[in-house]
1. Would you mind stating whether residue 138 is closer than 30 Å to residue 200 by Cβ and either modelled with pLDDT of 90 or more or not assigned by TED's automatic domain parsing to the domain that holds residue 205 (or both)?
2. Could you please let me know if residue 69 is at pLDDT 85 or above and either among the hydrophobic types (A, V, I, L, M, F, W, C) or under 21 Å from residue 165 (Cα atoms) (or both)?
3. Pick from 396, 390: which is assigned to a helix (DSSP H, G or I), at pLDDT 90 or above and either outside the structural domain of residue 220 (by TED's automatic domain parsing) or among the acidic types (Asp, Glu) (or both)?
4. Please determine whether any residue of the stretch 403-424 is crowded, with 18+ Cβ neighbours inside 10 Å, assigned to a strand (DSSP E or B), β-branched (Val, Ile, Thr) and modelled with pLDDT of 90 or more.
5. Would you please name the residue that is nearest to the chain's Cα centre (by Cα), looking only at residues in the stretch 244-271 that are part of a loop (DSSP other than H, G, I, E, B) and buried (at least 21 other Cβ atoms within 10 Å of the Cβ)?
6. Considering only residues that are over 40 Å from the mean Cα position of the chain (by Cα) and either farther than 18 Å from residue 42 by Cα or outside the structural domain of residue 15 (by TED's automatic domain parsing) (or both), which ones fall in the stretch 88-100?
7. Within the stretch 160-183, identify whether any single residue is surrounded by fewer than 24 Cβ atoms within 10 Å (Cβ to Cβ), farther than 30 Å from residue 64 by Cβ and either of a type outside the set (Ser, Thr, Tyr) or within 24 Å of the chain's Cα centre (by Cα) (or both), and answer yes or no.
8. Counting only residues that are closer than 30 Å to residue 408 by Cα, free of Cβ contacts under 8 Å to residues at least 12 places away in the same chain and either of a type in the set (Phe, Trp, Tyr) or surrounded by 10 or more Cβ atoms within 10 Å (Cβ to Cβ) (or both), how many does the stretch 61-119 have?
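The values are calculated or read from the model by the stated rules, or taken from the named source; none is laboratory data. The model shown is predicted, which means the values in this text are computed figures rather than measured ones. Every residue, glycine among them, receives a Cβ derived from its backbone with ideal geometry; neighbour counts consider all protein chains shown.
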Amino acid sequence: MLRHEPQEFDEKSVFAGQQFTTHSEIVHKAINARNHGAAAMVLANDVGNHAGQPDELIRFGGLAGPEEMKLAAMQVKAAVADEWLKPSGQTLESLRSAIDKDLSNHSFALNPAARLSLKVDVERIRKKVANVVAVLPGRNQDECIVVGAHYDHLGLGDQHSLAPSQIGQIHHGADDNASGTSGLLELARGLSREKRKPPRSIVFAAFAGEEAGLLGSSFYVSHPALPLSQTLAMINLDMIGRISKNRLYVGGTGTSPGFRKLVEEANSPLGFELSFSASGYGASDHTSFTVRGVPVLFFFSGLHSDYHKPSDTWDKIDAVDGARVVGLVANVIQSLASLDERPQYVRVAEPAPSAMAGAGYGPYFGSVPDFGETEHGVKFADIRDGSPAAKAGFKAGDVLVQFGEQRIDNLYDFTYALRAHKPGDKVLVTVLRGGERITREVTLEVRR
């Protein structure tokens with residue numbers, strides 16, 4: 001299997017020339033090979049298309065993909081593959097040129113006597129991490145507000161690093177999310193020193209595993225300190241240490257009537273220029289609460305050039321404005337805790353992801369994946385209202401196991417299967433719901 005795509009320098013190619021399509025992604029090459037019955041995939045660089053560049057192997061840990069591919073996948077240097085091909089009179093370069101010329105199948109069987117023996121000494125280590133949760137009892141201990149921030153980052157970097165050449169260096173995560181964690185600790189310290197108990201209990205939660213897929217917050221909503229039915233709201237602090245031009249982003253204001261006004265009033269003595277988003281969804285821990293029907297507010301100072309890089313360091317934190325954010329959140333907490341009636345949850349109408357925002361993801365289906373561990377399949381954390389999945393009757397908690405002809409073991413399988421279709425296709429989709437297999441026809445739609 002060669003890396004990249006045929007006709008790499010032909011802008012009129014059925015692919016996209018030097019602008020690689022999703023077909024070039026190694027995980028999709030492996031899924032395609034597995035789906036066609038391959039027992040293994042041996043990858044080699046297409047060195048002929050990259051003259052003068054070293055024939056380097058992909059760095060271990062540098063690829064994203066499922067933990068269980070159910071296919072042996074490895075990479076060799078082009079010189080090794082050429083030795084295997086020598087008895088046939090072919091080389092990788094001659095085969096690449098032939099494929100580029102006519103885009104036809106140039107596969108053939110190697111000498112059946114040839115054998116490949118491989119020993120892998122990779123050890124997969126799994127470790128248990130913990131959420132850190134504290135409760136400040138209120139005068140009414142039957143209801144609570146959850147204040148959360150994730151305390152994990154990328155360690156030495158992984159496939160999520162935005163500085164791939166620096167994987168192996170400490171990714172400090174000063175803003176993402178030592179800033180939010182520090183804010184959480186300061187809120188707990190300050191509110192616990194008040195002479196009078198707050199009107200309602202306050203749960204402070206430092207979540208683990210956010211970068212791995214909201215794992216800590218997903219666990220919390222299934223094992224809450226107080227039942228979610230008694231949780232008034234969740235406040236999330238993620239990256240609050242790099243205020244620019246006095247602007248602060250606040251998400252989730254549409255998840256309960258009056259939230260925007262409440263935040264504006266709480267901001268009055270602080271004077272931030274607030275930018276609001278009604279949506280309760282996002283790539284942070286408040287999403288775990290949104291999908292469970294809990295109103296949320298998300299405080300965020302914005303992205304920057306050090307995001308997910310080793311350069312996200314303490315010296316770039318604006319501590320003064322970060323403390324102002326904490327002051328605003330403290331005002332919000334006090335206002336929420338003092339409400340006469342608990343906030344009403346509103347399910348915000350989410351527009352279908354646009355073709356630009358969802359580029360490469362194929363047609364629109366409408367599920368929100370649950371990134372918690374599922375042995376087989378893809379669990380739905382939520383289903384977007386009015387989406388193809390909703391029209392077919394699928395629900396949050398369903399586990400997708402079959403999409404058309406393809407069995408679904410993980411999110412990568414689902415993405416690959418979805419990309420293989422186009423808007424208007426009718427697909428039989430099977431889920432598990434409480435142990436029962438349910439199959440429905442879904443008509444895929446265009447991303448608007």
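1. On the way: closer than 30 Å to residue 200 by Cβ: yes; either modelled with pLDDT of 90 or more or not assigned by TED's automatic domain parsing to the domain that holds residue 205 (or both): yes.
So residue 138 fits the description; yes.
2. Working: at pLDDT 85 or above: no; either among the hydrophobic types (A, V, I, L, M, F, W, C) or under 21 Å from residue 165 (Cα atoms) (or both): yes.
Here the answer is no, as residue 69 does not meet what is asked.
3. Values: 396 fails: assigned to a helix (DSSP H, G or I).
Of 396, 390, the one residue that is assigned to a helix (DSSP H, G or I), at pLDDT 90 or above and either outside the structural domain of residue 220 (by TED's automatic domain parsing) or among the acidic types (Asp, Glu) (or both) is 390.
4. Within the stretch 403-424, not a single residue is crowded, with 18+ Cβ neighbours inside 10 Å, assigned to a strand (DSSP E or B), β-branched (Val, Ile, Thr) and modelled with pLDDT of 90 or more.
5. Restricting attention to the stretch 244-271, the residues satisfying the condition of being part of a loop (DSSP other than H, G, I, E, B) are 245-246, 252-258, 268-271.
Now drop any that are not buried (at least 21 other Cβ atoms within 10 Å of the Cβ), which leaves 252-253, 255-256.
On the way: 252: 19, 253: 22, 255: 22, 256: 25 Å.
Once the filter is applied, the top-ranked residue is 252.
6. Hit for the stretch 88-100 is 89, nothing else.
7. No, the conditions are met nowhere in the stretch 160-183.
8. 1
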